[in-house]
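The values are calculated or read from the model by the stated rules, or taken from the named source; none is laboratory data. Everything numeric here is computed off the predicted structure, so don't read it as measured data. Positions of Cβ are backbone-derived with ideal geometry, glycine not excepted, and every protein chain shown enters the neighbour counts. Accessible surface areas use protein heavy atoms only, side chains included; no ligands, DNA or RNA. Shrake-Rupley method; radii C 1.70, N 1.55, O 1.52, S 1.80 Å.
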Amino acid sequence: MTRSIAVGAEGSPLSLPPYLSDGMEIPYGANMVTFEFAAMSYAAPERHQYRYMLMGFDPDWITAGDNNSAVYTNLDPGTYTFRVRG
């Protein structure tokens with residue numbers, strides 16, 4: 001089942017917005033995680049370019065171009081840090 005996670009909603013792993021959080025715990029049974037992100041500039045959004053990396057999983061930065069989401073499936077249990085360059 002795919003669903004968005006609202007900050008502070010009942011059952012949500014996010015009690016604070018991601019930029020204020022020390023992290024979140026994703027249930028072991030979740031077999032797909034999607035991160036959506038945006039640049040902090042609203043000028044010419046069609047020209048925004050992104051790179052991302054899930055530290056602890058990706059060996060190097062992934063060039064996403066103008067795609068503003070990253071999908072991961074079947075992650076092993078562990079601690080990961082998601083980073084974005086925009």
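Side notes on the structure shown:
- Failed item, numbered, when H48 is tested on (1) open to solvent by less than 100 Å² (accessible area, probe 1.4 Å); (2) under 14 Å from the mean Cα position of the chain (by Cα); (3) at pLDDT 85 or above: (2)
Each row is one residue, and each column tells you yes or no for (1) open to solvent by less than 90 Å² (accessible area, probe 1.4 Å); (2) without any contact (Cβ under 8 Å) to a residue 60 or more places away in the chain; (3) over 24 Å from S12 (Cβ atoms).
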position	(1), (2), (3)
N31	no, yes, no
G65	yes, yes, yes
V71	yes, yes, no
R83	no, yes, no
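- E25, sole failed condition from (1) surrounded by 10 or more Cβ atoms within 10 Å (Cβ to Cβ); (2) within 13 Å of Y80 (Cβ to Cβ): (1)
- Given (1) part of a loop (DSSP other than H, G, I, E, B); (2) among the aromatic types (F, W, Y); (3) over 19 Å from V71 (Cβ atoms), number of the condition F57 does not satisfy: (3)
- Residue in the stretch 60-84 that is modelled with the lowest pLDDT, counting only those that are in a loop (DSSP other than H, G, I, E, B) and under 21 Å from N31 (Cβ atoms): N74
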